[in-house]
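J.: Sharing a structure, written as structure tokens. Questions coming.
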Amino acid sequence: MVDSRIIRFFRKHHVLTIATTVENEPWCANCFYVYLEEENSLVFTTDADTRHGEEFIKNPVVAGSVVLETMVIGKIRGIQFQGIVSEPEGEIISKAKWAYLKKFPPATLMDTHLWMVRLTLIKMTDNRLGFGKKLIWP
């Protein structure tokens, strides 16, 4: 079970950085996301013809982060993650789309190409719990 502090952090924030790598060439992109707790997944949208969209197809193993910007060391918090990215399928498509559009209503005006990162590793740093304190899942 994912620690409730990690879940709250994912829910409170809305921009992730996602990193891909193909043929030893790294790339990263920033995207708006919504967290699906039951699936322990991040849902985001990006066009399939972007560099990272094309790279998801070639290598679905990704890494990423969600961070709180602060200059106060005692308040530093952030998540680093690894996961498998794919396009949602089956019954999860409607759930993912509903959650994303609820959080980002202006996206209803766009052609939203949804992706999901099924999280396989989460490491949260939370200095409020003590300098360098880490919460790790699984």
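J.: Cβ-Cβ distance below 9 Å, separation of 6 or more or different chains: which pairs start in segment 13-38 with a residue that is without any contact (Cβ under 8 Å) to a residue 12 or more places away in the chain and end on one that is assigned to a strand (DSSP E or B)?
T.: Partner pairs satisfying both residue conditions: P26/A19; P26/T20.
J.: Here is a follow-up. Taking segment 79-128, which residues are among the hydrophobic types (A, V, I, L, M, F, W, C), without any contact (Cβ under 8 Å) to a residue 24 or more places away in the chain and farther than 19 Å from K12 by Cα?
T.: The answer is I93, L109.
J.: Could you go through segment 50-57 and let me know if any residue there is touching a residue at least 24 places away in the same chain (Cβ under 8 Å) and assigned to a loop (DSSP other than H, G, I, E, B).
T.: No, there is no match, as no residue in segment 50-57 is touching a residue at least 24 places away in the same chain (Cβ under 8 Å) and assigned to a loop (DSSP other than H, G, I, E, B).
J.: Another question, then. Quick check on my filter: what residues within segment 94-110 are assigned to a helix (DSSP H, G or I) and over 13 Å from L42 (Cα atoms)?
T.: S94, W98, L101, K102, P105, P106, A107, T108, L109, listed by residue number.
J.: I'm trying to understand the selection: among the residues of segment 58-78, which are out of contact with any Leu (no Cβ under 8 Å at 6 or more places or on another chain) and part of a strand (DSSP E or B)?
T.: Those that are out of contact with any Leu (no Cβ under 8 Å at 6 or more places or on another chain) and part of a strand (DSSP E or B): V61, V62, A63, V67.
J.: Could I ask something else about it? Among the listed residues E39, E54, which satisfies the condition of being among the charged types (D, E, K, R), more than 27 Å from R5 (Cα to Cα) and surrounded by 12 or more Cβ atoms within 10 Å (Cβ to Cβ)?
T.: E54
FYI, it's all coordinate maths here, none of it is from the lab. As the structure is a prediction and not an experimental result, all values here were calculated from the model. Quick reminder, even Gly has a Cβ in these numbers, built from the backbone with ideal geometry, and neighbours come from all protein chains shown.
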